[in-house]
Structure formats: C-alpha cells, structure tokens
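Here's the structure, in structure tokens; my notes come after.
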Protein chains: 2
Amino acid sequence: MKTEIKNVELENIVEEINQLQTDTVLIIADHHVWSLYSKDILLEKIENKKVLFWKAADGEKVKNINDFQSAVEFFLDKGIHRNAHLIVIGGGATSDFGGLVAATILRGIKWSIVPTTLLSMVDASIGGKVAINSKSGKNLIGAFHLPTNVWICPKFIETLTPVEKNSGMGEILKYCFLDYTIYDLVIRKTDMGQIIDACAKYKEKLTEEDLKETGVRRLLNLGHSFGHAVEFIYNIPHGEAVMWGMSLLFKLFGTEKNLNDITALKKALEMPGENSPWFNKEFPIEKIMLYLSKDKKISALSSIDLVMIKDIGNADIETKTFDEIQAVLEANKDELRKFTL
Amino acid sequence: MKTEIKNVELENIVEEINQLQTDTVLIIADHHVWSLYSKDILLEKIENKKVLFWKAADGEKVKNINDFQSAVEFFLDKGIHRNAHLIVIGGGATSDFGGLVAATILRGIKWSIVPTTLLSMVDASIGGKVAINSKSGKNLIGAFHLPTNVWICPKFIETLTPVEKNSGMGEILKYCFLDYTIYDLVIRKTDMGQIIDACAKYKEKLTEEDLKETGVRRLLNLGHSFGHAVEFIYNIPHGEAVMWGMSLLFKLFGTEKNLNDITALKKALEMPGENSPWFNKEFPIEKIMLYLSKDKKISALSSIDLVMIKDIGNADIETKTFDEIQAVLEANKDELRKFTL
C-alpha cells in the first residue's frame, strides 16, 4: 500500500475524483475551508457517481467522538458499500478525523486527502496516522490508515493566516535537518510548490518503510518531544512548537552548527524572528519533565528516545534517561531564560 | 502477525496473563460470564502488572458507540501506554467490541481473547474482524485487528444454553465441508476440544493468508449469504442460521450428496432435528432477495459470490446474478415450503 502524492490545480480536483474507481464518493470538508473554496471545487461536475457530503466543524473542534458518530451514521444511513471512496478537504485536524471515519466505516474503505494548510500538505496528510481526541488527551483514539491519494494545491496557502503559514514552515525546517535535498531546496529559496512536494514525498518514503513507527519513521519526531511539551505549555501552533523544540534540543544536546543552521533556514523560509515563548521568564523545567514522562510514545518508564542531528541529513536516535535530561535542564536553567533565535 | 491459539485450563489463564510482556493489563469481561467465572479467574493472582478492569454489558448489548466511548475513556483516564495489553473475556460480541477498543486506543495495542462460547471459540475469536453496531446495521463500524493469543477453555461450554451450544455446532458443521480433517474428526465423534482446536486453527490459517477477505478467506462465508438473511428474517442464532443457509444453498445449487452430508454431520454433532424455520409456511423469497442485495460484502450491484462445495474439502466460489437466484427460488417455491433436514 502506497500513497500517491500529486500536485493538482484547484480547479482540477473534480477531474481527479472523476477518475477514482468507485461509484460512490463520500466527502468530508472543513466548514471554514468550504465557505472559501466551494466555488472552486464544483461537486456538481462529478460524473456517474453518487456523492454524499458531510460538513465538518472547523479544525480541531471536529475531533471528538460525537462528531465521529454523526459522520459515520450519516454515511451508513445513505447505504454505501466497501468500494466507496472518502475524500477529505481540510487541514490536519479534518484529515485526522476523516481518516478515522475511513478506517472504521465498513471496517475500512479507501480515502484521499486534499490538504488545505501548509502543515497538512507537508506533514499531517502523509503517513496514515488518523485520530480523534479523548478527554485524556489529543489523538488518543485512532488508527493507521494510509490514504490512496494526496492532492496538493499550493493555492490554498494564499488564504492561510501568517500564524498558520508559519506553523507549516516549522515542519519544513525540520525536514531540512533530515534530508539534504530538502535543505538545499530551502536554502536556495526554490519555488514553494517544489519544497512541499519534496517534504511530502520524503515523509511518504519513511512511512512506507515503517508504517507503525518502530524504525526509521521515528526520525520524523525530531524536535517533537520538547516540541509537544512547549506546544502544550504555551498553547502555540504545532509547527512553531516543533521549531522551538528543535532549538531546545540542539541547545541542550546538539552543536553550535545545529543552531546556526536553524537561524539560516528560518531566514530562508522567511519565518518571523520572534522571541522564544519562555524568553525572560523562568524556564518551566518541571512542566517540561512532567509532559515528557506522559508522552504516549514512551515505552519505558525512565527514559525517552531523542532524534539527534550530527549534520544535515545525518540523524540518529539516542536514548536519554529522564534524570539525565532533568540534570541538563537544571544546569542550563539561567541560560535558557535568555535563549532565543 | 499471527495469532497463537492454545487450549488452556480455566484456572491457568492467570498464568498466561502473567507471561505477557507488559506491565499493564486491561480487561474487558462480559457481565454474565464474569458472574459465573470470576471465582475461577483470580485477577488478584496477576503479578507485577497494573490491572484495569472494565465490565461489559451482556453479549450484543455492549456493541454500541456509547459503551465504546466509556471503555476507551475509562482506560485512557487511568494512564496507559502503547505496550499495554487488552484481554477480552466473553463471547463473540464481547470480543468484537473489545477488539475495536484494542484497535483504536492509542492507535492500536495488543490484545488477547478468552472466548467463552462455542461459536466464539471456533469462529468469532479468530481472524481479527472487530466491530460495533451502527443504527444502520450490525458490525458496520470496525476494523481488522488480529489478537495475539486466543486461549480456549472448553470448560466454558458446560454453562452454555442448548441454543448457544447448537449455534456453535452450526459453524463447526460449516468447517466440515471446507476441510476433510475436520470432517473426519466430527464423523468419528472425536473429543470436542480437539474439534474446536482444528476449527480455530483452520480459520487462523485462512485469515493469516488473506486478512482483508479478498481471497481464500471468502470460503469461510459458506452458507452465510442465505444464512444472514435467514438469521435476520427469523431472528435465530447465527450458527443455526448458517446451517440453514448451507442447507438452502445445497438444495438450490448443490447436490443430493451435500444434503446427505449435512444430515450425517448434524447427527454426529448431536444437533437437534428441528424443522426449518419456514417449514409449512410460505417461503419468503422477496425478503431473502432484499436482504441478499443489501449484504455489505457485495461489490457489484447485480450479482453475489456464493461458496459452493464439490465434495468435502473441495470448495470454490461461483458468481450468481440476483436474477438467476430469484428464478431458482421461484422455481422451487412449493418444494421449499416442505424442505427441512
């Protein structure tokens, strides 16, 4: 099973849908996205297929079990079969949600994504991790279910807010450390469509090899252990948090060169030069440690695996005990107060 | 991924649990089963593991999305990790339900089953099909998620009702037509433990080869197209319905030898010789046809695949159009009124 990733013009999405080998198309579209783009994705031009449309609450709001039940029962009530094909139009939250619908309805049907945020184009839409949120935390109820197609239209980026755009850039920055080709495209300030395509295909390659994240796919977690903690503590967008997570990781366990690379890449990606969220405040060691120890990726109780970068394109995984991390954080406490990029 | 199937004495189940490579055990047990057997499965003897216990409503009643949410949130609230192992103690409905919990909690954890009905020992517990019911029908929300272990204790059969026992026998009868070894064990009236083991391992072999039911696994549907229709129309137990489904299939499209084999096998299995549910009534052609056309296994709109038996252990799949089936039913209408075994 492999996902086909393809750059598509917005007005040609319906053409792609028409080519699907099915007589029944289910669509889940983000409410906000649909209000902006329904005029460009003309569902009435879908030919010879039954089309069932379900509108999702904006972004993260849809990722709950009640909305999951509503969507699933809506489609089942209309009488569908296992060869039906679900299409999700929206950002990462919408595809997380829609992917779980596709994974479980009739024990799993095929699905495709039209990602509408930069973050989703380069990250969330690839690799088949799908989920809704639980009362106990984000993404705790889910599955692995690869989409058949990801149709990328860079045009959606035009209507993103600067914050949403910046969040996507944070993940692109991460890929630069994992893959020299992407680094080179970014540093040379190549066309964004090409950069997105390279990131998506790089992630696709790793997830194809290791769907369940027991091997190489773990490299994609670069910056994510500290990043998730920072995202939670300061309530900042995911990609931005990953950027600060990498910065922290490099500051504590990496090299001066790692940090200089971040600065150069931020500049090339035209990311705003804001201060770190903890700048001039007390660095929240206790909260960070608490969050790290609750990470759902940990399998041992006393240590965590961190992705480290020797040089651009040269990553490996090092296990660090919580005691070790805590000691390094304590030793750098004063310096971190002033640390930014 | 493979399921290990093992005959275990009731009082040794805790020993099996103790050997699991995990520090966290989640248990979902059927309410009725637990009231009978909690004295034999002593959870307090589980050593060095956190044990979280969730009691499920009896049988089919638990297979709804509200109970699914309750169970998932219960376990997540207690703080579990991906290496937690779920154990389901109950019949097919409980393992359908518990398997979906295991498939989706933290995007999937390992699980094992202690099947407590004959039907579940030989059928439902094997092969990883898990699901809950939707408002639109049974098993429409689910996944494929293989259990790690199936621990079979034939002792549970002692407390089954005759109807439950007979339902399990219907599925065993089905296996006799698919596999000569099982046929031989049954005809020679071998020990039931050995027969159960052979059936479970036969199904395991087919599902290992073809998890998603696109190839050989489809043979397991012998008798199920008519069987599901009969189950729904007359509200009779699954295995019994499968037996009548096979009988109908053989009467309409099979041979006299097929029918004689059913009679001999019913006798060997000591199944009661009741009349067919439609005996001396009008045969419900219209309802049968309506149900066949709604089967979630159909992928074309005008035909259905039926498993046919040339001789014991020699099965293949034949596609029949709905028109063809209807014509044969009409032609045999009067004879079917009197048809029983």
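The values are calculated or read from the model by the stated rules, or taken from the named source; none is laboratory data. Quick caveat, the model's predicted, so the values are computed rather than measured. FYI the Cβ positions are ideal-geometry reconstructions off the backbone, even for glycines, and counts take in every protein chain you see.
Quick notes
- Helices (runs of 4 or more DSSP H) wholly inside region B:29-118 that include at least 1 residues being in contact with a Leu (Cβ under 6 Å, 6 or more places away or on another chain): B:65-77, B:92-104
- Scanning region B:102-112 for residues that are at the interface with chain A (Cβ under 7 Å from one of its Cβ atoms) and under 11 Å from B:Ile80 (Cβ atoms), we see that the one that is farthest from the chain's Cα centre (by Cα) is B:Leu106.
- In region A:1-15, the residues that are outside any strand (DSSP E or B) form Cβ pairs under 8 Å with partners that are aromatic (Phe, Trp, Tyr), at six or more places apart or across chains, as follows: A:Val8/A:Trp151; A:Leu10/A:Tyr37; A:Leu10/A:Phe156; A:Ile13/A:Trp151.
- Residue list for region A:78-100, restricted to those being modelled with pLDDT of 95 or more and under 23 Å from B:Asn66 (Cβ atoms): A:Asp96, A:Phe97, A:Gly98, A:Gly99, A:Leu100
- The residues of region B:119-153 that are away from chain A (no Cβ under 14 Å) and either in a strand (DSSP E or B) or among the basic types (Lys, Arg) (or both), listed by number, are B:Asn149, B:Val150, B:Trp151, B:Ile152.
- Only a single criterion out of (1) away from chain B (no Cβ under 14 Å); (2) surrounded by fewer than 23 Cβ atoms within 10 Å (Cβ to Cβ); (3) touching a residue at least 60 places away in the same chain (Cβ under 8 Å) is not satisfied by A:Thr161, namely (3).
- Taken together, A:Ile27, A:Ile41, A:Ile13 contain a single residue that is assigned by TED's automatic domain parsing to the domain that holds A:Pro147, under 20 Å from A:Gly142 (Cα atoms) and crowded, with 17+ Cβ neighbours inside 10 Å, which is A:Ile27.
- Within region A:310-317, at least one residue is part of a loop (DSSP other than H, G, I, E, B) and touching a Cys at 6+ places or on another chain (Cβ under 8 Å).
- Taken together, the residues in region A:44-65 that are crowded, with 21+ Cβ neighbours inside 10 Å and more than 14 Å from chain B (Cβ to nearest Cβ) amount to 2.
- One residue alone among A:Lys138, A:Lys129, A:Lys165 is under 24 Å from A:Asn221 (Cα atoms), out of contact with any strand residue (DSSP E or B) (no Cβ under 9 Å at 6 or more places or on another chain) and not hydrophobic (A, V, I, L, M, F, W, C), and that residue is A:Lys165.
- Out of B:Phe68, B:Phe74, sole residue that is touching a Phe, Trp or Tyr at 6+ places or on another chain (Cβ under 9 Å), among the aromatic types (Phe, Trp, Tyr) and surrounded by fewer than 18 Cβ atoms within 10 Å (Cβ to Cβ): B:Phe74
- Per the listing B:Leu100, B:Leu106, the residue uniquely within 24 Å of B:Gly168 (Cβ to Cβ), not acidic (Asp, Glu) and not assigned by TED's automatic domain parsing to the domain that holds B:Leu206 is B:Leu100.
- Exactly one residue out of B:Glu270, B:Glu231 is more than 14 Å from every other protein chain (Cβ to nearest Cβ), surrounded by 20 or more Cβ atoms within 10 Å (Cβ to Cβ), of a type in the set (Asp, Glu) and under 22 Å from the mean Cα position of the chain (by Cα): that is B:Glu231.
- Just one of (1) at pLDDT 95 or above; (2) of a type outside the set (Gly, Ala, Ser); (3) loosely packed, with under 14 Cβ neighbours inside 10 Å fails for B:Thr319. It is (1).
- Index of the failed condition, B:Ser167 passing every other in (1) surrounded by 18 or more Cβ atoms within 10 Å (Cβ to Cβ); (2) hydroxyl-bearing (Ser, Thr, Tyr); (3) out of contact with any Asp or Glu (no Cβ under 7 Å at 6 or more places or on another chain); (4) under 20 Å from B:Gly59 (Cβ atoms): (3)
- Which listed residue is touching a residue at least 12 places away in the same chain (Cβ under 8 Å) and crowded, with 24+ Cβ neighbours inside 10 Å, from B:Ile113, B:Ile109: B:Ile113
- The condition of being in contact (Cβ under 8 Å) with a residue 40 or more places away in the chain, under 26 Å from B:Glu4 (Cα atoms) and more than 10 Å from every other protein chain (Cβ to nearest Cβ) holds for B:Gly99.
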